[in-house]
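In what follows, a single structure is set out as structure tokens and then discussed.
The values are calculated or read from the model by the stated rules, or taken from the named source; none is laboratory data. These numbers were taken from a predicted model, which means no experiment stands behind them. Neighbour counts run over all protein chains shown; Cβ positions are idealised from the backbone, glycine included. These area figures cover heavy atoms from the full protein model, side chains too; ligands, DNA and RNA do not enter into them. Shrake-Rupley method; radii C 1.70, N 1.55, O 1.52, S 1.80 Å.
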Amino acid sequence: MAAGDGARTVEAWTARRRRAEALQSRYPFARGLLSLYGALLDVQERAYAAARAEGLAAGEVPAYAARSVLPAVLTITARHGPERLAEAVRDDDRWLADGEATVRRWLAGADQEPVERYLARAAAAPLLEALGPAAGEACAGPHDERHCPCCGGPPQVSVLAPGPEALSGAHRYLVCARCATRWPYPRLTCAACGERDAARLTVYAEGGTAEAETSGTVVRGLGGGPQPAPAAARPHFPHVRVEACGSCSRYLLGIDLTREPSAVPTVDELAALPLDLYAQERGLVKIVPNLMGV
Ligand SMILES: [Zn+2]
Ligand SMILES: [Zn+2]
């Protein structure tokens, strides 16, 4: 499906904010991260509205992000960020001086160190969303089915959503790490390399979920406590799973909206830290780290 034909569905700012608040009480281990994210959402929503009102052009994204969004991102991060990140961004002058180039590298798909990538993403995302289908003109990236049809960015999260018709079954989508466009993608196919051999694709889900019972692969001891969660305990993540590939050793998290319709994929993806740790302990590498570098 081409960008610009109505397929481009992105999450509303209010939905993200409400979900980040709701998940803070549900996931104590992600509270700090979600509180930083919630504060960033305020900055991003203002930037989104301003960019729309001012008629931002695609070519202006790096300069505009550095000038009008990055200063507030730095302030919020120094105030609400985890200690290491907050400390790293306190040298405002350095990040501001390099801001435009930092954003340009993110839009070009270049390798970046985590703090630089975090700042570029936080500042550029609302502008790319404001541009809509024109976001592609600001970005570089492959135009194949494993990359965003709008901007060529990599997939951040996989989503299972109810089909458009009652009896059509669930549909799988990928959500772009750069511009948040959602595009259809076949189920049982690796989002990194396209592997389709079911024997090489593994799903890991938390013990106590229907997914774990059917897949036979179980993540135990979520929450970082010393004791494994009892099998009968209510799962933390009934709607999140690790979708891993044995061919390329990459993974991403999948959010199942048929199990939890109130989930907001990019927000739930940020909060599911224990599943990331589980995957990474098994030697799997995420297709692209999320906004918070996980
Ligand atoms: Zn995109
Ligand atoms: Zn693969």
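How do the peptides 19-28, 88-97 rank, highest first, by the average count of neighbouring beta carbon atoms within 10 Å per residue?
Highest-to-lowest ranking by the protection proxy: 19-28, 88-97.
With every protein chain present, what is the per residue accessible area of the stretch 38-94 (1.4 Å probe, Å²)?
Heavy-atom SASA per residue in the stretch 38-94 reads 52 Å².
Which order do D276, D197 take by accessible area at a 1.4 Å probe, largest first? Could you put the intermediate results ahead of the total?
Values: D276 0, D197 75 Å².
Greatest to least solvent exposure: D197, D276.
Work out from phi, with θ = phi - 60° and the Karplus expression 6.51 cos²θ - 1.76 cosθ + 1.60, the ³J(HN,Hα) of each residue of the stretch 241-252, listed in order in whole Hz, and give x for Gly and Pro.
9, 8, 10, 10, 10, x, 7, 10, 6, 9, 8, 8
Just reorder C139, C179 by solvent-accessible area, largest first, 1.4 Å probe, all chains present.
C139, C179
Report ³J(HN,Hα) in whole Hz for each residue of the stretch 132-143, in order, from the Karplus equation J = 6.51 cos²θ - 1.76 cosθ + 1.60 where θ = phi - 60°; Gly and Pro get x.
Computed from phi, the couplings for the stretch 132-143 are x, x, 6, 4, x, 6, 8, 10, 10, x, x, 10 Hz.
Taking the Cβ-Cβ separation of A63 and A198 as r and a Förster radius of 45 Å, what is the calculated FRET efficiency to the nearest 0.05?
Computed FRET efficiency for A63 and A198 comes out at 0.45.
Please get the size of the charge dipole for the chain, origin at its Cα centre, with Cβ charges of +1 on Lys and Arg and -1 on Asp and Glu, quoted in debye to the nearest 20.
Details: 32 positive and 34 negative charges, 84 e Å.
Around 400 debye, computed over the chain.
Over all directions, average the projected area of the Cα convex hull of the chain and note it in nm². Before the final figure, lay out each step's value.
Numbers: hull surface 60.2 nm².
For the Cα atoms of the chain, the hull's average projected area reads 15.1 nm².
Could you give me the ³J(HN,Hα) list for the stretch 97-112, computed from phi with Karplus coefficients 6.51, -1.76, 1.60 and θ = phi - 60°, whole Hz, x at Gly and Pro?
5, 9, x, 5, 5, 4, 5, 4, 5, 5, 5, 8, x, 6, 5, 9
Shape of the stretch 1-126 from its Cα gyration tensor (a ≥ b ≥ c, root eigenvalues): rounded if a/c is under 1.5, otherwise prolate when a/b > b/c, or oblate?
It comes out oblate by the Cα gyration axes.
Along the positive direction of the dipole of the stretch 19-148 (beta-carbon charges: Lys, Arg +1; Asp, Glu -1; about the Cα centre), which of L107, L23, A66 reaches farthest?
In the stretch 19-148, that residue is L23.
Please report the accessible area of T189 (heavy atoms, 1.4 Å probe, ligands and nucleic acids excluded) in Å², nearest 10.
Approximately 10 Å² for this residue.
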